[in-house]
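Structure first, then comments.
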Amino acid sequence: MTHGARSSRTISAEGISRVEGEGSLRVRVQDGRVVDVALDIFEPPRYFEALLVGRHFTEAPDITARICGICPVAYQMSACLAMEDACGVVVDERIEALRRLLYCGEWIQSHALHIYLLHAPDFLGCADAVELADLDPIGVTRGLDIKRTGNLVMQTVGGRAVHPVNVRVGGFYRSPELDSIRALAEPLRRARDAALETVEWVAGFEFPDVTSEYRFVALDQSDRYAIDGGRPSLDGHTLSAAQFAEIAVEEHVERSTALHAKLDGRDRYLTGPLARFALNASRLPEVARDAAAAAGLYAPCVNPFRSIVVRAVELVFACDEALRLVERYEPPVQPAIEVVARAATGTATTEAPRGLLLHQYDIDDDGIIRRARIMPPTSQNQLSIEDDLRRVVENGLSLDDEELQWRCEQAVRNHDPCISCAAHFLDLTVETS
Amino acid sequence: MIDTRTAKVVVAGFGSEYRHDDGVGTLVAERAVAQVSTSHFVGSLSDPLDLLGEWNGADLVIVVDAIHSGAPVGTLQTIEIDVENLSCTALDAESGAGESSTHGLGLVAVLRLARAINQAPRRLVIIGIEGERFDLGEGLSASVEAAVPEAVARVVEFIKEAQSCA
């Protein structure tokens, strides 16, 4: 919705669609300068942390995954790893490989969905994915085929395509049969080819000329592009998950029901595809590095609108990595290792498709959860998204109301925020005087 | 020639069991599929987009979800969407079913998208159960719990009818 006059302009959009959740965006401009940007979030705060207190530690992966329906594997993995950290156990390599395969399934599913159905319509002048499907049915079908391959991986490893039910603290309830995993190879090869086509497709989009300054945080793992392991990395050094949990301080902002995370209670930072690519591009497999180079994408990428290209490159990686894991799959000797509870604090970070997800739990000797802390990617990225918006509005003041609103919504979607995790729709107000 | 195949029926349960009555959709869908093993359960869903791919080639899709319409708690509503002639029905105006929802695309928009790429099911039926509370926590309200058997029976009836006609 737009209203206003030359001296005082207000742009408001009630409900920015194609963002997971609910919230509103308000931008205030004075004398050609953006003086305030506020991404507001409605929805009760994350009471589900309280819901976990008093529950058994083995219940955390399923409860947290069921509350966040958008990236359940990320929630399951961070919860499992945090509990295993508390109990002092590490799973064996075969279980770890199976977990990484499941996580690749979620990356494939999530990235394909975001690129084709939520983000690409912005660049092609389509109101939504329905219009895009009318304009380019072959393209949308390609995206859905990739997504379906992700679902197939999740179904095969996790027992269900949507809400995996095979994950437990210590590993899995049952190990998938060798044949069922090997049968994933052919669909994954096709998905990798389709992902390469996706990189070419999105690289041809027109991107607004906006650059941002980011302090990137991503997991670092010496021998691979980190997803489900490694240490948080920032400013050229790494920390343990527990150390990161100490410096990433969340604060409640009055206008929002979500918590905003800052480093040392002061500095904004960014997690997610741009951060991962900036810090770990050299660890991508050759096929993904070549695709990035062919698309003219080099690390670091600081134009947030090109995040769709980074996401496409990560899609190639996720398909390729899943294929590598499938070809080397050997069923775990035992589907899970025994995990005995002890009174301790456990912390873990993993790379959800949209960014870093931290879980931290205090449990007692009986394995009862006494405290839970969940820091989703969106609360960590929110201040950086607001900073992007400030730059987008300042660069776009010559645009008419409708175009500026469109670009602001697009800027929010650059980071694929899942506001339903962080707390829930957007309505946008730009005030100019 | 007589078609002897069994009709493909997908039963999709929406909602979270950790939001009280919101969990009834998944509960009903799971129980109904448990009674008719030739049907397929999908869930628990929070995003209609997750139906894409899952419902390809389906003769019938039954979506089961909690609803909040102001009717007495536990009331069942059955809505059949005209897949061939999608129009702006009352559903379009509803958050969660229309074009814009908390999860990008609503059910009707997802159906339109599926039609554009020839992946829409032949029939789509929504079974809604009026809920009372949707805040965080477990367990159904008494009136919703009482409506579960009838809701399950209604879903089973749709499945059997579709499969007897195939």
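The values are calculated or read from the model by the stated rules, or taken from the named source; none is laboratory data. If you're wondering where the values come from, they're calculated on a predicted model, not measured in any experiment. Cβ placement follows ideal geometry from the backbone for every residue including glycine, while neighbour counts extend to all protein chains displayed.
Values computed for the structure shown
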| item | result |
| --- | --- |
| A:Asn166 under 20 Å from the mean Cα position of the chain (by Cα) and in the same structural domain as A:Glu327 (by TED's automatic domain parsing) | no |
| Any hit, the range A:354-369, residues being part of a loop (DSSP other than H, G, I, E, B), at pLDDT 90 or above, within 30 Å of A:Glu314 (Cβ to Cβ) and within 14 Å of chain B (Cβ to nearest Cβ) | yes |
| Breaking point among (1) over 19 Å from the mean Cα position of the chain (by Cα); (2) more than 9 Å from chain B (Cβ to nearest Cβ); (3) small (Gly, Ala, Ser); (4) part of a helix (DSSP H, G or I), for A:Ala133 | (2) |
| Single unsatisfied condition, B:Leu111 versus (1) of a type outside the set (Gly, Ala, Ser); (2) at pLDDT below 85; (3) in a helix (DSSP H, G or I) | (2) |
| Checking A:Gly88 against (1) farther than 26 Å from B:Gly43 by Cβ; (2) at pLDDT below 95; (3) more than 10 Å from chain B (Cβ to nearest Cβ), the condition it does not meet | (2) |
| Residue match in the range B:137-145 (condition: part of a loop (DSSP other than H, G, I, E, B), closer than 23 Å to B:Ile81 by Cβ and within 14 Å of chain A (Cβ to nearest Cβ)) | no |
| In the range B:81-108, residue nearest to the other protein chains (Cβ to nearest Cβ) [restricted to those that are in contact with a helix residue (DSSP H, G or I) (Cβ under 6 Å, 6 or more places away or on another chain) and either part of a helix (DSSP H, G or I) or modelled with pLDDT of 85 or more (or both)] | B:Val108 |
| Complete set of residues in the range A:118-147 that are crowded, with 21+ Cβ neighbours inside 10 Å, modelled with pLDDT of 90 or more and under 15 Å from B:Val110 (Cβ atoms) | A:Pro121, A:Leu132, A:Ala133, A:Val140, A:Gly143, A:Leu144, A:Lys147 |
| Count - residues of the range A:259-306 that are part of a helix (DSSP H, G or I), surrounded by fewer than 24 Cβ atoms within 10 Å (Cβ to Cβ) and either at positive phi or touching a helix residue (DSSP H, G or I) at 6+ places or on another chain (Cβ under 6 Å) (or both) | 1 |
| Residues of the range A:156-181 satisfying the condition of being crowded, with 20+ Cβ neighbours inside 10 Å and either within 14 Å of chain B (Cβ to nearest Cβ) or in a helix (DSSP H, G or I) (or both) | A:Thr156, A:Val157, A:Gly158, A:Ala161, A:Val162, A:His163, A:Pro164, A:Ile181 |
| Scan of the range A:239-258 for residues that are at pLDDT 75 or above and either in contact with a helix residue (DSSP H, G or I) (Cβ under 6 Å, 6 or more places away or on another chain) or over 11 Å from A:Ser379 (Cβ atoms) (or both), ordered by number | A:Leu239, A:Ser240, A:Ala241, A:Ala242, A:Gln243, A:Phe244, A:Ala245, A:Glu246, A:Ile247, A:Val249 |
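Per-residue answers, yes or no, for (1) surrounded by fewer than 21 Cβ atoms within 10 Å (Cβ to Cβ); (2) over 18 Å from A:Ala292 (Cβ atoms):
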| position | (1), (2) |
| --- | --- |
| A:Arg189 | yes, yes |
| A:Val199 | no, no |
| A:Val202 | no, no |
| A:Phe207 | yes, no |
| A:Val210 | yes, yes |
| A:Asp228 | no, yes |
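Matching residues to (1) at positive phi; (2) within 10 Å of chain A (Cβ to nearest Cβ); (3) modelled with pLDDT under 85:
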{"residue": "B:Ser39", "(1), (2), (3)": "no, no, no"}
{"residue": "B:Ser44", "(1), (2), (3)": "no, yes, yes"}
{"residue": "B:Asp47", "(1), (2), (3)": "no, yes, yes"}
{"residue": "B:Ile62", "(1), (2), (3)": "no, no, no"}
{"residue": "B:Ile67", "(1), (2), (3)": "no, no, no"}
{"residue": "B:Gly70", "(1), (2), (3)": "yes, no, yes"}
{"residue": "B:Leu76", "(1), (2), (3)": "no, no, no"}
